[in-house]
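The values are calculated or read from the model by the stated rules, or taken from the named source; none is laboratory data. Computed from a prediction, not measured in an experiment: that's the story for all the values here. Glycine also receives a Cβ, built like all others from the backbone with ideal geometry; neighbour counts cover every protein chain displayed.
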Amino acid sequence: MPKKSMLQDTDYYHQVIDCQWACPAHTPVPQYIRLIAEGKYTEAYLLNRDSNVFPGILGRVCDRPCEPACRRSRVEKEPVAICRLKRASADFKGDIAPFLPKIPKKKNDKIIALIGAGPACLTVANDLLPLGYQVEIFEREKNAGGAMRSQVPSFRLPRKVLDEEINTILDFGATVHYSAEVTSLKELLNRKKYSAVVIGTGAQIGKDLDLPGRKSAASWCHIAFNWLASVAFGHVKTVGKRVIVVGGGNTAMDCARTAKRLGATEVTIVAPERDIEMTASPWEIHDATKEGIIIKNLLLPQSFATQKNKTGLYFRELLSCYHQKRWDPQFAKAEPVFLPCDEVILAVGQRSNYGFIDEGSGVSFASNGLPVLGPHRFQSSNPKIFFAGDAALGPKNIISAVADGHEVALSIDLFLKGKSPSERPQAKLTMRSEVLGYLQLSYRSDYVEKDRQPVPEVPLDERFDCRDTEVEKGFTTKLAQEEAQRCLNCDVQTVFSHNACISCDACVDICPEACLSITPNQSHDNLQGLKAPLLSEDQILFIGEINKGRQLMIKDEDLCVHCGACAQRCPTGAWDMQLSRIDVAKAGCHE
Amino acid sequence: MKNARDKLSHPSLTQNKVGLVPKDYHGEMSTLCGGCGHDSISAAIASACYELSLEPHTIAKLSGIGCSSKTAAYFLKSAHALNSVHGRMPSVATGANLAARNMKYLGVSGDGDTCSIGLGQFIHGVRRGINMVYLCANNGIYGLTKGQFSATSSLGVTSKNGQTNPYVPIDPIILALEAGASFVARSFSGDKNQLVPLIKAAISHHGFAFIDIISPCVTFNNHASSDKSYGYVQDNQVYTASIQDYVESVPEIMAEQTPGRLTSVLLSNGEEIFLKAVSEDFDVYDKEKALQLMRSFSGKKEILTGLIYLEKHSHDMHQTLGTTLENLRDIDLSKLTLSELELKEINESFS
């Protein structure tokens, strides 16, 4: 059943803003898109930075959970190009330095150790440095960035953008120890210097396939995580002509496209899933196939070729590999398939390395191998030790690591101020009416019928010579502003005052998407008499009693395009369009 | 907002039998005050025509002058329409209907158009039995001229500016019954569950169908001392019968499903509506009882709504006149006039 609400609270309004709700870091998407539409790129960038910290990076390589959630994709087909608009804010911003948080000269006496200079720990540093904390980052590589540097290929994310946004944080005054892998947590704790430790070491062990012949294939079979890092750090510069990538996720796409740039002419991705079951984002699959990469589905690797002068993989054909979303391969009755190749890259998942967490450091692990994180968010069984990003909850993505970083920073701040991290401040909701007068709204409420703008790209024949050539050129300001107009302003909320309603039907009649219904008062569990049937189980419903309790005003939020017609036709102001701003709690906000 | 309405429609609202979706029955954006009952009537007409799968080009919308008469622009954008002189809509309807009897005629009018300046036109339109639906959006006020009392304002009610109405009202329902309307109903703009099936039934009826619709004027007649405000009608609406359903010629199926309390009413086009009578002795075919019932409600607090009278064997103007079944406008001129030879023969017969 859809979630129903008689009361409109912060969570209700937050869920109406599908993109912001879906974003792990709860970036206020419609708000920054409006700023872009107005040409205020610097403001849009800074607003982004508040929640997602790396707008230039994430504007290129985010997993974009916001886009499948976008209301536009339900109203028509394609969501707003939210991610690429974020990049536009980064591309066209002015000088942001004057607007960055001020770092206090006088520090408090708390030093926080951050293990791993990836997105999670960098976010913690970003949040805690302005509050007067000191941070020390321990990084095993020579550069900061973690997986953003070692795993994301430079043709998707230029080093310049990466350096710029990482340096913004490091310039807040973080102390970074490079080439300083922490091998013993106990030893670090024994220094008695740190008030809290954050483990943000990511998931840096690529999974291997234990198949016959694997050992003899060692010279031509690589693990994706290591291989991508070796390419990124310049240790690997070439690859064989025929490359097979095993796996159906985004890493497989990155490996295949990288191989193409290192000289491979025949790149094949082989996945056991059906095409629609692959975990890779549809746009990454699209980008890979566009570059001539072949994807073969329903093949499960069986063994490596072991004969001399013969390299390749044996597969068995599958009928299916999942049953009710659980791994359950059903083999086809067919001969094994041999795919010859020169090199194989295994992109079959990754996990975290907790080897440096010694016995006696007070950190407990659950049976699934992940640390036990108590009711206090991201706090381990040793209250001084926090986990963030992939190291905390298993492999996810950059934006989730950023979101975790914010949570950990807040937890640490609360913890070190003697408060319980589980008693978190509520998200702050501010609302302001956007109705200026009769038929006048202060935001652009008309429905812009326009297809999603494709992002301009470097032509295919120019992109493979240099590995660093960024494929996407990004939106021009003109394209960005056109795309920005597709946003439906879901943060301008329809707010209902049931006492003012005279049940005249004006809103019900005018609503273009049949979102509103006035029905006789009835059971909320089985609503009858709706103008249009409910299409989604997940969407929230507003229910208000009107007409002395005799009737219900029901709003199905699913397809509301926030055009404001209901508020404009309402004779009593019972419907109001109010701009909502939802600020989730962050470190320092409780002071 | 007009923009969104023109471009979008809910994906589950599917095509009707003639391949149209609800939005195809919309009109221009209303310029009436937000919350006007007339807008609800427009929406109800659009729903009724969508549900009946009528093709807009087979419908003519006719109106006079007034807030109500403006609404002809706000539904069925692609239907024919004529916004005529104040109170003269029945004459225009007569002419149009004579020329093209096979079209559907929707007259939208108000209490001023119907009961003041156009009273005589209205009565004679009913008398002639034009095959049309005549909707009177009755708000008891002259809204377009800022809220003076109209001919349907109840005796003793006060206007928004504090004046008391010294005149007895005209009840268009009683006039329609007396003048021979074969389908008479009263409804409320805020009650689409009743209004939409009534409009559908009226459209399916052959003969003069009259629906008086209490339609609150939010700007001038929605105050506490009004008896045509949203609140008043919501509190005091009573029903002759509740219309259970509107079905298209499937009586045997319905007979199985419906208990005996429902009365099936067969419309002249073979379609059927079901009435659940509120009082046991209510008989929708008894004109005398209908008149008594209406008179008994005059001066009462309650407003009686629903289908009030239906003539069993209704007929229309064309049957009275014995005209041809074809649309007159479609008949070739040579068929309508005498040839030279025929004329000569007639003339010679007098010599």
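Just to check your reading of the model, which residue among A:ALA305, A:ALA256, A:ALA271 is surrounded by 19 or more Cβ atoms within 10 Å (Cβ to Cβ) and more than 30 Å from the chain's Cα centre (by Cα)?
Working: A:ALA256 fails: more than 30 Å from the chain's Cα centre (by Cα); A:ALA271 fails: more than 30 Å from the chain's Cα centre (by Cα).
A:ALA305 is the lone residue from the list that is surrounded by 19 or more Cβ atoms within 10 Å (Cβ to Cβ) and more than 30 Å from the chain's Cα centre (by Cα).
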(request) Check every one of the strands (runs of 3 or more DSSP E) wholly within segment B:257-351 and list those with 2 or more residues that are of a type outside the set (Ser, Thr, Tyr) and modelled with pLDDT of 65 or more. (result) B:303-310
(request) Being surrounded by fewer than 13 Cβ atoms within 10 Å (Cβ to Cβ) and of a type in the set (S, T, N, Q) is the filter here, so list the residues in segment A:519-535 that pass it. (result) A:SER523, A:ASN526, A:GLN528
(request) Go through segment A:289-311 and give me each residue that's in contact (Cβ under 8 Å) with a residue 40 or more places away in the chain, touching a strand residue (DSSP E or B) at 6+ places or on another chain (Cβ under 9 Å) and farther than 20 Å from A:ASN250 by Cβ. (result) A:GLN302, A:SER303, A:PHE304, A:ALA305, A:THR311
(request) With respect to A:ILE293, determine if the residue is under 27 Å from A:ALA229 (Cα atoms), more than 25 Å from the chain's Cα centre (by Cα) and surrounded by 14 or more Cβ atoms within 10 Å (Cβ to Cβ). (result) yes
(request) Please verify whether segment A:62-69 includes one or more residues that are closer than 24 Å to A:ALA587 by Cβ, in a loop (DSSP other than H, G, I, E, B), out of contact with any Ser or Thr (no Cβ under 6 Å at 6 or more places or on another chain) and not acidic (Asp, Glu). (result) yes
(request) Tally the residues that are without any contact (Cβ under 8 Å) to a residue 60 or more places away in the chain and more than 24 Å from A:CYS487 (Cβ to Cβ), restricting the search to segment A:438-464. (result) 4
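Name the residue, out of A:GLY263, A:GLY248, that is outside any strand (DSSP E or B) and surrounded by fewer than 24 Cβ atoms within 10 Å (Cβ to Cβ). Spell out the reasoning first.
Values: A:GLY248 fails: surrounded by fewer than 24 Cβ atoms within 10 Å (Cβ to Cβ).
On inspection, the qualifying residue turns out to be A:GLY263.
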(request) Just give me the residues in segment B:187-210 being more than 14 Å from chain A (Cβ to nearest Cβ), out of contact with any helix residue (DSSP H, G or I) (no Cβ under 6 Å at 6 or more places or on another chain) and not hydroxyl-bearing (Ser, Thr, Tyr), in sequence order. (result) B:LEU198, B:ALA201, B:ALA202, B:ILE203, B:HIS205, B:HIS206, B:GLY207
(message) Quick check on segment B:71-101: of everything there that is touching a residue at least 40 places away in the same chain (Cβ under 8 Å) and of a type in the set (D, E, K, R), which residue is nearest to B:LEU325 (Cα to Cα)?
(response) B:ARG101
(message) Being within 13 Å of chain B (Cβ to nearest Cβ) and more than 34 Å from the chain's Cα centre (by Cα): is that true of A:GLY529 here?
(response) yes
(message) Let me confirm something: among A:ILE205, A:ILE199, A:ILE169, which residue is in contact with a helix residue (DSSP H, G or I) (Cβ under 8 Å, 6 or more places away or on another chain) and modelled with pLDDT under 95?
(response) A:ILE205
(request) Of all residues in segment A:416-447, count the ones that are touching a strand residue (DSSP E or B) at 6+ places or on another chain (Cβ under 7 Å) and more than 24 Å from A:ASP11 (Cα to Cα). (result) 3
(request) Please find, among A:GLY59, A:GLY39, the residue that is surrounded by fewer than 24 Cβ atoms within 10 Å (Cβ to Cβ) and either small (Gly, Ala, Ser) or closer than 19 Å to A:ASP163 by Cα (or both). (result) A:GLY39
(message) Condition first: of a type in the set (A, V, I, L, M, F, W, C) and more than 15 Å from B:ASN139 (Cβ to Cβ). Now tell me which residues in segment B:196-214 satisfy that.
(response) B:VAL196, B:LEU198, B:ILE199, B:ALA201, B:ALA202, B:ILE203, B:PHE208, B:ALA209, B:PHE210
(message) Looking at segment A:137-186 only, could you name the residues that are of a type in the set (D, E, K, R) and without any contact (Cβ under 8 Å) to a residue 24 or more places away in the chain?
(response) A:LYS160, A:ASP163, A:ASP171
(message) For segment A:532-550, give me each residue that is facing chain B (nearest Cβ under 9 Å), more than 29 Å from the chain's Cα centre (by Cα) and in contact (Cβ under 8 Å) with a residue 12 or more places away in the chain.
(response) A:ALA532, A:ASN547, A:ARG550
(message) Of all residues being within 14 Å of another protein chain (Cβ to nearest Cβ) and either farther than 23 Å from A:LEU429 by Cα or β-branched (Val, Ile, Thr) (or both) in segment A:462-499, which is surrounded by the fewest Cβ atoms within 10 Å (Cβ to Cβ)? Just the residue, please.
(response) A:GLN485
(request) Among the residues of segment A:73-118, write down those that are surrounded by 24 or more Cβ atoms within 10 Å (Cβ to Cβ), assigned by TED's automatic domain parsing to the domain that holds A:LYS160 and not aliphatic (A, V, I, L, M). (result) A:GLY116, A:GLY118
(message) Among the numbered criteria (1) within 23 Å of B:ILE59 (Cα to Cα); (2) free of Cβ contacts under 8 Å to residues at least 40 places away in the same chain; (3) touching a Ser or Thr at 6+ places or on another chain (Cβ under 7 Å), which one does B:ASN165 miss?
(response) (1)
(request) Return the residue satisfying two criteria in turn: it lies in segment A:559-591 and is at positive phi and either charged (D, E, K, R) or within 11 Å of chain B (Cβ to nearest Cβ) (or both), and of such residues it is surrounded by the fewest Cβ atoms within 10 Å (Cβ to Cβ). (result) A:GLY573
(request) Given the conditions (1) buried (at least 23 other Cβ atoms within 10 Å of the Cβ); (2) touching a helix residue (DSSP H, G or I) at 6+ places or on another chain (Cβ under 8 Å), report the number of the one that B:LEU98 does not fulfil. (result) (1)
(request) Could you tell me whether any residue of segment A:201-222 is under 25 Å from the mean Cα position of the chain (by Cα), crowded, with 18+ Cβ neighbours inside 10 Å and among the aliphatic types (A, V, I, L, M)? (result) yes
(request) Mind listing whichever residues of segment B:207-235 are of a type in the set (Ser, Thr, Tyr) and surrounded by fewer than 24 Cβ atoms within 10 Å (Cβ to Cβ)? (result) B:THR219, B:SER225, B:SER229, B:TYR232
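Are there any helices (runs of 4 or more DSSP H) wholly within segment B:1-86 with 2 or more residues that are buried (at least 22 other Cβ atoms within 10 Å of the Cβ), and if so which?
Working: elements: B:2-7, B:37-51, B:67-70.
Here the list reads B:37-51, B:67-70.
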